Amino acid sequence: MFGAVQLVFWRKLIYGLLQCNVTGERDMNFVGGHGSIEQSYLRAGYNAPFTVPAKIRSRAPLRLGLAGGGTDVSPYTEDFGGAVLNATIDRYAFAFIEPSPDWKIHFVANDLGVEECWPLDIDALDGSNLRLHAAVYRRMVRSFGGGRPLAIKVTTMVDAPAGSGLGSSSALVVALVEAFRSILSLPLGPYDIAQLAFEIERVDLALPGGRQDQYAASFGGLNYIEFMQNGRVIVNPLRISRDFLNELEASLITCFSGVSRQSETIIQEQQRGMSARSAKTLDALHQLKVDASEMKSALLRADIGEMATVLERSWAAKKETAAAVSTSDIERLMQVGLDAGALAGKVSGAGGGGFVMFLARPENRLRIVQALNAAGAQASGAQLTINGAESWAAPILSS
């Protein structure tokens, strides 16, 4: 049964939703329909519980950027609006939250081999080297927990190295926000989680980057995402037949270049070109936005050949946005893949390293993977996923 406070919250939430325009689209801030997520939440009079379950687990998927990457970066988005098309794959960022063993705050990043212990004081977290963990903790506790610190242990891991170009950092933030949403019993939907993750990375931490990764990780699936000039975000899930999804999976190859790149330098160069209204940069970004729409059309027509044409054109345009997008190693791997029979390829993410993706006829996939691996890369197929961020209670194991 709902308590009185929860009943008041849901009444106000439903009233707020009824005041919103019904457009058939999923809008960005659904809670109350006005102002920030936190303001709507607090206006509703909802007080989050502070009893932490035994252990909560969450995960958020990583993504492949198929088209439009770069048009989700400021100031291009505010000046022209952006559009991207991405697909989530079977690699994940995980976050686990459990009660602290000693009434302190513990952060553990298993994939990085880093463990930290802090006193039960939010301000003490300013010294954390696990900046994403600390930033999510601060935002969630201050905005939704009344500023009262939680004595918890937060453990994370990611199925890809940092700098992979698969949106791993943003997926980790989304997984952390989802885990906190669960332990605080917050009524937040995928738009809210994505927007919070974006604000934590781009505003609270001032990390350079775009907007697509947070929405991909929060929603999951194959999505055409539009970024409006007024800040609104529209996620359009693409309804693709199972037969064509199987064909697309059989045609995909992902290849880790062996180099984890720092995307900040590339993104900052792109942003300088945007701000200076560089014709070269803007023309390339305009083409990338067109390519996102054309990639969507090719997908809906189940046309792998046209997808490869768009992918090839997008890679050429992407390289025009910043000098460091491609490197000699990337170009070498690209040529190895093409010589082995790939139809087209491009870097996933900002470029400079990380993962390269290829489209190929399924009959040629094994030969291409073997050629890339022989060239020193780590190549394999990829499975597409449909679910976004999710959380669950860990089972209690018998001793």
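Every number here is computed from the coordinates shown, using simple stated rules; none is lab data. The shown structure was predicted, so the numbers you read here are calculated from the model rather than taken from an experiment. Methodologically, a virtual Cβ is constructed for each residue, glycine included, from the backbone with ideal geometry; neighbour enumeration extends over all protein chains shown.
Express in nm, to one decimal, how much length is gained between Asn387 and Ser297 on full extension, taking 0.36 nm for each residue of separation and deducting their alpha carbon distance.
Working: separation 90, 0.36 × 90 = 32.40 nm, distance 2.25 nm.
Extra length available between Asn387 and Ser297 comes to 30.2 nm.
What net charge do the residues around Val114 carry, taking every other residue with its C-beta under 14 Å from that of Val114, with Lys and Arg at +1 and Asp and Glu at -1? Each step should come with its number before you reach the end.
Working: positive: Arg131, Lys153; negative: Asp111, Glu115, Glu116.
Combined, the nearby Lys, Arg, Asp and Glu give -1.
Determine the shape class of region 101-239: with a ≥ b ≥ c the square roots of the Cα gyration tensor eigenvalues, call it rounded for a/c under 1.5, and otherwise prolate if a/b is greater than b/c, oblate otherwise. Could you put the intermediate results ahead of the total?
Details: a/c = 1.99, a/b = 1.58, b/c = 1.26.
It is prolate, given that a/c is not under 1.5 and a/b is the larger ratio.
How much FRET efficiency would the formula 1/(1 + (r/R0)^6) give for Glu247 and Asp111, where r is the Cβ-Cβ distance and R0 is 41 Å, rounded to 0.05? Display every interim value, and only then the final one.
Details: r = 33 Å, r/R0 = 0.80.
Result of the calculation: an efficiency of 0.80.
For Leu384, what charge total do you get from the other residues with a beta carbon under 9 Å from its beta carbon, if Lys and Arg give +1 and Asp and Glu give -1? Don't skip to the answer; put the middle values down first.
Values: positive: none; negative: Asp90, Glu249.
So the surrounding residues net to -2.
Which far-off residues, 5 or more places away or on another chain, put their amide H under 5 Å from the one on Gly349, with H placed in the peptide plane?
Placed amide hydrogens put Gly65 under 5 Å from Gly349.
Could you please rank Ile97, Ile267, placing first whichever residue has the fewest other Cβ atoms within 10 Å of its Cβ?
Details: Ile97 25, Ile267 21.
The order, fewest Cβ neighbours first, is Ile267, Ile97.
If you add up the charges near Ser278, with Lys and Arg at +1 and Asp and Glu at -1, over every other residue whose beta carbon is less than 14 angstrom from its beta carbon, what do you get? Don't skip to the end; give the middle numbers.
Values: positive: Arg272, Arg277, Lys280; negative: Asp79, Glu269, Asp283, Glu320.
Neighbourhood net charge equals -1.
Mind checking the dipole of the chain: about its Cα centre, +1 per Lys or Arg Cβ, -1 per Asp or Glu Cβ, Debye to the nearest 20?
On the way: 37 positive and 40 negative charges, 110 e Å.
It works out to roughly 520 debye.
Just order 335-348, 63-76 by mean Cβ neighbour count inside 10 Å, highest at the front, would you? Please list the in-between numbers first.
Details: 335-348: 21.3, 63-76: 26.1.
So the peptides 335-348, 63-76, ranked by packing, come out 63-76, 335-348.
Only counting other Cβ atoms within 10 Å, I'd like Asp102, Asp111 sorted with the fewest neighbours first. Walk me through the intermediate numbers first.
Values: Asp102 10, Asp111 16.
Ranked by crowding around the Cβ, least crowded first: Asp102, Asp111.
Please label the shape of region 242-380 as rounded, prolate or oblate, based on the square roots a ≥ b ≥ c of the eigenvalues of the alpha-carbon gyration tensor (a/c under 1.5 means rounded; beyond that, a/b larger than b/c means prolate, else oblate). Write down the numbers at each step before the final one.
On the way: a/c = 2.47, a/b = 1.30, b/c = 1.89.
Oblate, because a/c is 1.5 or more while a/b does not exceed b/c.
Using only the Cα atoms of region 230-310, construct the convex hull and provide its projected area averaged over every direction, in square nanometres to one decimal.
Numbers: hull surface 30.9 nm².
Mean projected area of the Cα convex hull: 7.7 nm².
R0 = 25 Å: FRET efficiency of Met228 with Ala279, Cβ-based, nearest 0.05?
Details: r = 24 Å, r/R0 = 0.96.
Efficiency, rounded to the nearest 0.05: 0.55.
What dipole magnitude, in Debye to the nearest 20, does region 245-296 give about its Cα centre under +1 on Lys/Arg Cβ and -1 on Asp/Glu Cβ?
Values: 6 positive and 7 negative charges, 66 e Å.
Dipole of region 245-296, to the nearest 20 debye: 320 debye.
For region 67-77, in order, what is each residue's ³J(HN,Hα) by Karplus, 6.51 cos²θ - 1.76 cosθ + 1.60 with θ = phi - 60°, in whole Hz (x at glycine and Pro)?
6, x, x, x, 7, 9, 9, 6, x, 4, 4
Can you give the alpha-carbon Rg of region 292-371 over 2.2 N^0.38 Å, where N counts its residues? If you can, show how the numbers build up before the last one.
Details: Rg = 12.7 Å, N = 80, 2.2 N^0.38 = 11.6 Å.
In units of the globular-protein estimate, region 292-371 measures up at 1.09.
What distance in nm lies between label points placed 7 Å from Cα along the C-beta direction at Asn129 and Ala316?
Placing both labels 7 Å along Cα→Cβ, they lie 4.6 nm apart.
Please name which of Gly345, Pro362, Ser391 has its Cα lying farthest along the dipole of region 273-399 towards the positive end, using unit charges on Cβ (Lys, Arg +1; Asp, Glu -1) and the Cα centre as origin.
Ranked along the dipole, the leading option is Gly345.
What do you get for the angle between helix 190-199 and the principal long axis of the chain? Use alpha-carbon atoms, 0 to 90 degrees, nearest ten.
Helix 190-199 sits at roughly 80 degrees to that axis.
Could you name the lysines whose alpha carbon sits less than 20 Å from that of Lys296, not counting residues in the same chain fewer than 8 places away?
Correct list for Lys296: Lys318, Lys346.
Would you calculate a helix-derived [θ] at 222 nm for the chain, using -39,500 (n - 2.57) for each DSSP H run of n ≥ 4 and dividing by the full residue count, to the nearest 500?
Working: 13 runs with 158 residues, N = 399.
My calculation for the chain gives -12500 deg cm²/dmol from helical runs alone.
Using Cα centres only, tell me the gap between region 308-375 and region 98-132 in whole Å.
Going from one Cα centre to the other spans 39 Å.
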